[in-house]
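In what follows, a single structure is set out as structure tokens and then discussed.
Each reported figure results from applying straightforward, stated rules to the coordinates on display, with no laboratory input. As the structure is a computational prediction, the values presented were derived from the model and not from experiment. Every residue, glycine among them, receives a Cβ derived from its backbone with ideal geometry; neighbour counts consider all protein chains shown.
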Amino acid sequence: MTKVIVIGAGLAGSEAANYLANRNIQVILIEGKKVKLNPAQKITDYAELVCTNSLKSTREDSGHGLLKVEMDKLGSLILDAGRQHSVPAGDALAVNREDFSAEVTKRLSSHENITIVEDHAVNPNELIKKYEASACIVASGPLTSEGLSNWILEEISNDDFYFYDAIAPVVDADTLDYTKLYYKDRHKVPSEEEGVEADYLNAPMNEEQYNAFIKELVDAKKVPAQNFEDYKFFESCLPVDIMAERGPETARFSCMKPIGLELPDGTLPHACVQLRKENFLGSAFNLVGFQTRLTYGEQIRVFKMIPGFEDASFLHLGSVHRNSFLNSRTLLNFDFSSKKFDNIYFAGQITGVEGYTESAAMGLYVAAQLYKKLQGEEVLEWPVETGIGCLVNYVMTAPKPRPSNINFGLLPPVPLTKEQRRDRRNRKKVKKTLAAQRAKASFESFSEEYFK
Ligand SMILES: Cc1cc2nc3c(=O)[nH]c(=O)nc-3n(C[C@H](O)[C@H](O)[C@H](O)COP(=O)(O)OP(=O)(O)OC[C@H]3O[C@@H](n4cnc5c(N)ncnc54)[C@H](O)[C@@H]3O)c2cc1C
């Protein structure tokens, strides 16, 4: 029986292991969590969601929705376990993180074709020899442990491949003052008749409160960068204190945006902090977009300035962590095998995508490509018009590697008629709808051929 090693049971590694094992490949899944957690991890179960509990939008006219349609076709374990343990989050697929990870762990551990090795892998070439495997998929993620990181640096890349990201705090729901807060999903009219409670709780601020809050965010003490480099963040996951430093209005146009969050009296607050349920019971809330570099003491002081947070107790506070990724364009082939060792593949965030869903999708992509190769079949490039194809194309062509989420900007432009171009009000929506339809059709015809 053909054997493949997968390093890392995160979002990408779990998908890759499951995909291959379901097709009768013997998988050795090596995961180091039980030996030592990294600074962002809290549990020993697999596929841990280390920051938000959201796998993002389910709408088919969104980038994440597109990915989900394609991942479902590939038999995604992450989406299936996610739906089984979802919590209300409007159009998004958010999950109870502990139950979700426990589910993924249970399914992988009980799979007859998967052998789990609880250890930190160091050298994929030696592991291939040791287990007499045909290939190894490295899916060790943005916080790849030290031994393997050094091996990658020495054997695969001489470039530095690390940068930073930040985690948002979580507050205890019982410690909030609800007289100052209100439930509302952005742009949605709450439907009392149906007894539907919105998924988001909002803390509104007037101009004076907002300005004082931004000033404190700027002045507060921050955790300094480690001994190398400046901080380099995902642009879409910027710490709120960095936004505050960029200008007094920046946060009001991003994570503190009030648009679509009218107060119960119909007026619009000057700014708003959104809270999303961390679990089904709603006993804890995540401060949406409030990743931060502030020291723990300063977080408690400054975040208590948010209306309703005067007596808040935080279940965990925000923090900053290292993230590693490769320059895939120069180091990998289009199937994400290494140019230097063609039986070593990379999957997940380490290839230069960003996000849980994107990383999981890259796990499926690599597993599908490797499976083709193991079957002696032709390994093909995936159409760039599809969600997965455009992400692969992005990491393989971006002149300056910088992890990206899925977004419609990665898809080739859709041709519009003259009338559609002139219709400024609806143009963006029409473009998205057409791009989504094209992606779906393209993936369908490609997969009919590819997976037959
Ligand atoms: C602090 C932080 C916060 C983030 N927040 C978000 C967010 O809110 N939303 C979002 O969509 N994305 C977020 N990301 C981005 C990222 O996409 C996710 O981290 C995602 O989990 C990456 O998936 P992955 O499978 O590539 O890696 P991971 O999910 O990290 O999985 C890698 C696995 O490999 C294991 N491992 C590492 N080294 C070894 C080794 N040598 N041997 C064996 N096992 C090893 C790890 O223990 C881990 O289980 C965040 C990233 C970080 C670092």
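Looking at region 69-170, the GluC sites (Glu not before Pro) that sit in a DSSP loop and have at most 15 other Cβ atoms within 10 Å of their own Cβ are Glu112, Glu132. Compared with the dominant principal axis of the Cα atoms in the chain, helix 63-73 is inclined by about 40°. When Leu317, Leu275 are sorted by how many other C-beta atoms sit within 10 angstrom of their C-beta, beginning with the fewest, the order is Leu317, Leu275. Full extension of the chain between Arg186 and Asp311 yields a length gain of 42.4 nm, computed as 0.36 nm times the residue separation minus the alpha carbon distance. For the chain, the longest principal axis of the alpha carbon atoms and the long axis of helix 207-219 meet at an angle near 50°.
Treat the count of other C-beta atoms within 10 Å as a stand-in for reagent exposure and order His316, His64 from fewest to most.
His316, His64
Take the Cβ atoms of Glu444 and Lys34, set R0 to 25 Å, and the FRET efficiency comes out at 0.05. Computed on the chain, with alpha-carbon pairs under 8 angstrom and 6+ residues apart, the relative contact order is 20 percent. 3J(HN,Hα) along region 87-99: 10, x, 7, x, 7, 9, 9, 10, 10, 6, 5, 5, 5 Hz, from the Karplus curve 6.51 cos²θ - 1.76 cosθ + 1.60 with θ = phi - 60°, whole Hz, x for Gly and Pro. A cut-off under 11 angstrom between Cβ atoms defines the neighbours of Asn96, and their net charge, with Lys, Arg +1 and Asp, Glu -1, is -2. Taking other Cβ atoms within 10 Å as a rough exposure proxy, Trp151, Trp382 sort from fewest to most as Trp151, Trp382. Across all Cα atoms of the chain, the radius of gyration (one decimal) and Dmax (whole number) stand at 22.4, 68 Å.
With the helix formula -39500 (n - 2.57) applied to DSSP H stretches of n ≥ 4, the chain reaches a computed 222 nm mean residue ellipticity of -10000 deg cm²/dmol.
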